[in-house]
Amino acid sequence: MTLIALALLTAIAFPADEVLTFDPPQTSIHFTLGTVLHTVHGTFQLKSGTIHFDPSTGNASGQLVVAASSGESGSDARDKRMKQSILEAPKFSDIIFTPDKVIGTVAPKGKSSVQVHGTFQLHGAPHDFTMPVDVEMKNGQALASAHFSIPYISWGLKNPSSFVLRVDPQVEIEIHSTARVSGTQ
């Protein structure tokens, strides 16, 4: 779920072809899921991420990978159900975002906003997705933030609602990440 937001970092326009290398410990992926009783907050961990970006064309490639089994919400029973029954992490171990296009331009220094288009693979199925990303270029790094919704039920994941507990059909994702920027020239 969270790979989409991380891919937003690819929206940075540079003076030459660039490679963005994401730092998993410097990346926070938070999710929020509303229910009729309370709101569930949790996190996922970035496993790896490298994006190649051509600012002259907007073309992007690479992958951002999140381990499906890294989801934590503070409840062992809820986390076990999320990983085993909803995400089916043993079968679909990775959540992957593969960007293909950056829409917009990011200034070489300072703050900008862009859209990143690509394929979001969740539960083994690809989904066309465009996400908004706020980027700040600072000291050879790209600092990126994204907030978006994933319609996980309409994307084919099991609805965790029960007779008593109703759960929102989408999960909110918020990502903050740091990527090291290097040129390919």
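Out of segment 77-104, which residues are among the acidic types (Asp, Glu) and farther than 29 Å from ASP134 by Cα? Spell out the reasoning first.
Our first condition is that a residue be among the acidic types (Asp, Glu); within segment 77-104, this holds for 79, 88, 94, 100.
Hits for segment 77-104 are ASP79, GLU88.
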So, in segment 163-185, of the ones that are within 30 Å of SER56 (Cβ to Cβ) and not in a strand (DSSP E or B), which residue ends up most open to solvent (accessible area, probe 1.4 Å)?
-> GLN185
Taking interchain pairs and intrachain pairs at least six residues apart, which have beta carbon atoms under 7 angstrom, with the first residue in segment 59-72 and on the phi > 0 side of the Ramachandran plot and the second open to solvent by 20 Å² or more (accessible area, probe 1.4 Å) and outside any helix (DSSP H, G or I)?
-> GLY62/THR50; GLY62/HIS52
Give the residue, chosen from SER182, SER112, SER73, SER162, that is at pLDDT 95 or above and among the hydroxyl-bearing types (Ser, Thr, Tyr).
-> SER73
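Can you tell me which residue in segment 46-58 is modelled with the lowest pLDDT, limited to those that are open to solvent by 80 Å² or more (accessible area, probe 1.4 Å) and within 20 Å of VAL106 (Cα to Cα)?
Step one: filter segment 46-58 for residues open to solvent by 80 Å² or more (accessible area, probe 1.4 Å), giving 47, 52, 56.
When the remaining residues are screened for being within 20 Å of VAL106 (Cα to Cα), the result is 52, 56.
Numbers: HIS52: 88, SER56: 83.
Checked segment 46-58; the qualifying residue modelled with the lowest pLDDT is SER56.
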Every pair of residues 6+ apart whose Cβ atoms lie under 8 Å, when the first sits in segment 118-142 and is at positive phi while the second is of a type outside the set (Val, Ile, Thr) and in a loop (DSSP other than H, G, I, E, B) = HIS123/LEU87; HIS123/GLU88; HIS123/PHE92; HIS123/TRP155; HIS123/GLY156; HIS123/LEU157; GLY124/LYS91; GLY124/PHE92
Given the residues THR39, THR32, THR27, THR43, which is the only one that is hydroxyl-bearing (Ser, Thr, Tyr), without any contact (Cβ under 8 Å) to a residue 24 or more places away in the chain and either in contact with a strand residue (DSSP E or B) (Cβ under 9 Å, 6 or more places away or on another chain) or open to solvent by less than 20 Å² (accessible area, probe 1.4 Å) (or both)?
-> THR39
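Within segment 151-162, does at least one residue satisfy the condition of being part of a loop (DSSP other than H, G, I, E, B), crowded, with 18+ Cβ neighbours inside 10 Å and of a type in the set (Ser, Thr, Tyr)?
Quick first cut of segment 151-162, residues part of a loop (DSSP other than H, G, I, E, B) only: 151-162.
Now drop any that are not crowded, with 18+ Cβ neighbours inside 10 Å, which leaves 152, 157, 160.
Now restrict to residues that are of a type in the set (Ser, Thr, Tyr): 152.
Within segment 151-162, one or more residues are part of a loop (DSSP other than H, G, I, E, B), crowded, with 18+ Cβ neighbours inside 10 Å and of a type in the set (Ser, Thr, Tyr).
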Could you check how many residues of segment 78-120 are among the acidic types (Asp, Glu) and under 30 Å from ASN139 (Cβ atoms)?
-> 1
Could you please find all residues in segment 121-131 being part of a strand (DSSP E or B) and either of a type in the set (Val, Ile, Thr) or at pLDDT below 95 (or both)?
-> THR130, MET131
Here the residues within segment 66-109 that are more than 15 Å from the chain's Cα centre (by Cα), crowded, with 19+ Cβ neighbours inside 10 Å and under 15 Å from PHE120 (Cβ atoms) are LEU87
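The values are calculated or read from the model by the stated rules, or taken from the named source; none is laboratory data. Because the structure is a prediction, the values reported are computed rather than measured. As a convention, Cβ positions derive from the backbone with ideal geometry for all residues, glycine included, and neighbour counts pool all protein chains shown. Surface areas here come from the heavy atoms of the whole protein model, side chains and all, with no ligands, DNA or RNA. Shrake-Rupley method; radii C 1.70, N 1.55, O 1.52, S 1.80 Å.
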